[in-house]
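Have a look at the structure below before the remarks.
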Amino acid sequence: MNLFTSRRLAAFLAPATLVTVLQATAVLPAGPAAAAAPATGVVIPAPQAVTSTGAAASITAASRIVYPTGLGLDDYAAALAQEVGALTGTAPTLAAGDTAVPGDISVTEAGSSHDGSYSLTVDGVVTLSAGNQNGLANASASLLQLLQANRTIPGTVITDAPSTAYRSVMVDTARGYWSIQDLQNEIELCHLYKIDYLHLHLTDDQNFMFPSAAYPKLSSQNDSGHPAYTLGELTALDKYAAARGVSLIPELDVPGHSAKMVQQYPAVFGGTGSTIDVTLPGSRTAVKTIIGEMLDVFTHTPYFHFGADESTASGSDFASFINDLDGYVTGRGKTSIVWEGFSRSIQSQVNHDVVIENWVNSFYPFDQEIADGFTVINAGWNPLYLVAPAWGAYTLPQSSLYGFSKYTSNGVSVAPTNRVMGGSVASWGFNGANGQVPTRLAVPPIAAKLWNPAAETDFAGFTARLAGTDAALAKLVSTATQWGVHKVRADYSGLDPQLGGSGAGVKLAVDGSGNVWVVTATGLLHQWDGSRWHAVTGPGQSTGITDVAVGANGTVAVILASGDIWARVNGTWTATGGQGKSIAVSANGDIWTVSTTGTPWQYTNGTWTAHSQGQTATTIAAGAGNTVAITTAANGEIMLWSNGSWTDTGGQGTALSIDGLGSIWARSTDDHLWQRSGTTWTMRMDNRGTGGLQAFAAAGNGQLYALGN
């Protein structure tokens, strides 16, 4: 949803000032600070009120989490213990129904407020108090940030509440694959910065990631090569999020962005292209069936999102469709959310209990939505969108994000009003491994401005606090990332299912027989022989393999974590005496590498020879006819080795492979896949259904294999 066509996107991004890169964030080293810091100096978002009073509390291996029984807090307490353990090295024990003593963390539900407000009191015991579990989760987020600063917390009283009810992050699981671990990492991000909703865009033209029992074929042709999540995975994820005070909002994007529905069940959903037929009673019934299936899984959400944007539906039929779905959603006890997608001309026909998520102001402008009496979520492209390279590469620096106001959406402002329910960061087109980087940078400043805009006015002070909170986040999330190994479809429309169902790695190569070789995240080497994966023993002195290449003649070359290059010929590993950061093997068995200083080198007959080209090389590939190519640090220029010198191919890229016909394959700087045959570059794959390819390799017959997530 909500990604412009190429023409519209190009027009929108025309001002160069809008296409910028998120700035890097400093990360503090692990461990406590030398001295305790006041809460106002370490917590994001800034609390509403902080008082320095009472006795300090030290969280040690003897600390416990004490909480009342009978209030359903077991999962919350277990999650808090896990997170405190991640920060301190020792998880507190759980003591349900006990009495807290100094050094303990005491949890109490007090008061009737369910608005996310809480208090955190440090007076020998750390006491977290709120009216419900959502407020308690906000209290624990502040505690985690204080513990990152120092395990001894000074006497403190924090009284805090959000200025904005709806604070959300959306991730696009329907254009690039996000693993369950990736989504758990996003939940930890949301929890730490008091974001109470994680919106899952589960369906779109490229992938259908919800496992509908009623319509199972919807996820049978996913472009990412991954099947839908299982019901068990999603149920467990919903529980994981709820324990951390985060509600998962599922989205079924209809009637547009529904190509899988149109393609897989034309008799049910009708329609053409990517829009289902909103006038068919059977189509509406089927959509409501799927919504019901989703709500049976996502039991903690007060909302359901059904898209309603960028479709060919219009007029009274469109309004009737929205109202029909809204009636079903409200009948299930939920509130409907739609994207800005219907026009003002039919607003009077649309139920005004439907919440509009404004994003671009071209269908129904922000100020008009408010004036017409709708409740609105601000998800304005500028500044809240994060867009992957294949879709236009749009992000803004943290300094710009810190200037966000929920009353301005994409340049259109309204007077302060409670009809602006809140705001949402929206991440589009990434896969999970790559998408966590921009959300990690964008969420903190937006969370700060949504929670307490009056206190969040000093960007320098914010960045000082961010160094500590980001260090805390680093301990809460999993960093083990591998990408699935897939065959690229012959028509380049997407990826086939993961090889062997579980093949994954961080680097790959293809040998002369068409067998795939991968390096795993732990530095091990595996080979796919056409039917199964099996381990390949690496060099005896291996300190972990970081890259692999295989020539058509069977020569295997690897780079170790030390940078040393080893070669395997006829099953025997030998050290070459060279070092590098990228490796390739040409058809005749020569080994090529890019040194750590960016110089291409060739290893033939036991001798290394440098072939400098006057620029810093970054990656290298070799293949048929002893074709060799490199990418350079200067704009990713792709250079070809020819007649003893390097020549410019006219292409730019960040990764390369060369097939058995001598064609160069490149991932361009905007994350598309290109082929150079002869002297002509042709785009073969836009990667939009995969979320981006981490790496790829071409077999001798031109068949491509890719690492995709």
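The values are calculated or read from the model by the stated rules, or taken from the named source; none is laboratory data. All of these numbers come straight from a predicted model, not from anything done at the bench. Backbone-built Cβ (ideal geometry, glycine too); neighbour counts: all protein chains shown.
Picking from residues in segment 489-521 that are part of a strand (DSSP E or B) and of a type in the set (A, V, I, L, M), the one that is surrounded by the fewest Cβ atoms within 10 Å (Cβ to Cβ) is 504. Looking for something within 18 Å of residue 696 (Cβ to Cβ), in contact (Cβ under 8 Å) with a residue 60 or more places away in the chain and surrounded by 15 or more Cβ atoms within 10 Å (Cβ to Cβ) - is there at least one such residue anywhere in segment 551-558? The answer is yes; a qualifying residue exists.
Inside segment 684-698, residues that are in contact with a strand residue (DSSP E or B) (Cβ under 6 Å, 6 or more places away or on another chain) and surrounded by fewer than 20 Cβ atoms within 10 Å (Cβ to Cβ) make up a count of 1. Cβ-Cβ distances below 8 Å connect the following pairs, each with a first residue in segment 654-675 that is more than 11 Å from residue 631 (Cβ to Cβ), a second residue that is surrounded by fewer than 18 Cβ atoms within 10 Å (Cβ to Cβ) and β-branched (Val, Ile, Thr), and a separation of six or more residues or different chains: 674/682; 675/682. Filtering segment 456-488 to residues that are among the charged types (D, E, K, R) and either assigned to a helix (DSSP H, G or I) or under 23 Å from residue 85 (Cα atoms) (or both) leaves 465, 470, 475.
Within segment 43-63, the residues that satisfy the criterion of being more than 31 Å from the chain's Cα centre (by Cα), surrounded by fewer than 18 Cβ atoms within 10 Å (Cβ to Cβ) and not hydroxyl-bearing (Ser, Thr, Tyr) are 49, 54, 55, 56, 61, 62. Can you confirm whether residue 35 is within 15 Å of residue 146 (Cβ to Cβ), at pLDDT below 95 and small (Gly, Ala, Ser)? So residue 35 passes the test.
Checked against (1) surrounded by fewer than 24 Cβ atoms within 10 Å (Cβ to Cβ); (2) within 29 Å of residue 144 (Cα to Cα), residue 194 passes all but condition (1). Return the residues of segment 681-709 that are within 15 Å of residue 519 (Cα to Cα) and of a type in the set (Ser, Thr, Tyr); say none if nothing qualifies. Within segment 681-709, 705 is the sole residue that qualifies. Of all the numbered requirements in (1) assigned to a strand (DSSP E or B); (2) in contact (Cβ under 8 Å) with a residue 40 or more places away in the chain; (3) surrounded by fewer than 24 Cβ atoms within 10 Å (Cβ to Cβ), residue 621 misses one, and that requirement is (3).
If we keep just the residues of segment 384-413 that are hydrophobic (A, V, I, L, M, F, W, C) and surrounded by fewer than 21 Cβ atoms within 10 Å (Cβ to Cβ), which is farthest from the chain's Cα centre (by Cα)? Of everything passing the filter in segment 384-413, 412 is farthest from the chain's Cα centre (by Cα). Within segment 372-416, the set of residues being touching a residue at least 40 places away in the same chain (Cβ under 8 Å), of a type in the set (A, V, I, L, M) and either touching a Phe, Trp or Tyr at 6+ places or on another chain (Cβ under 6 Å) or over 30 Å from residue 654 (Cβ atoms) (or both) comprises 376, 377, 379, 387, 388, 412, 414. On inspection, residue 669 fails the criterion of being crowded, with 17+ Cβ neighbours inside 10 Å, at pLDDT below 90, among the hydroxyl-bearing types (Ser, Thr, Tyr) and not in a strand (DSSP E or B).
From the list 127, 121, 90, 164, the lone residue that is surrounded by fewer than 18 Cβ atoms within 10 Å (Cβ to Cβ), among the polar types (S, T, N, Q) and either outside any helix (DSSP H, G or I) or touching a residue at least 12 places away in the same chain (Cβ under 8 Å) (or both) is 90. One residue stands out among those in segment 173-211 that are farther than 20 Å from residue 143 by Cβ and among the β-branched types (Val, Ile, Thr): the one that is farthest from the chain's Cα centre (by Cα), which is 203. Against the conditions (1) surrounded by fewer than 22 Cβ atoms within 10 Å (Cβ to Cβ); (2) under 28 Å from residue 555 (Cα atoms); (3) of a type in the set (S, T, N, Q); (4) in contact (Cβ under 8 Å) with a residue 12 or more places away in the chain, residue 631 satisfies every one except (1).
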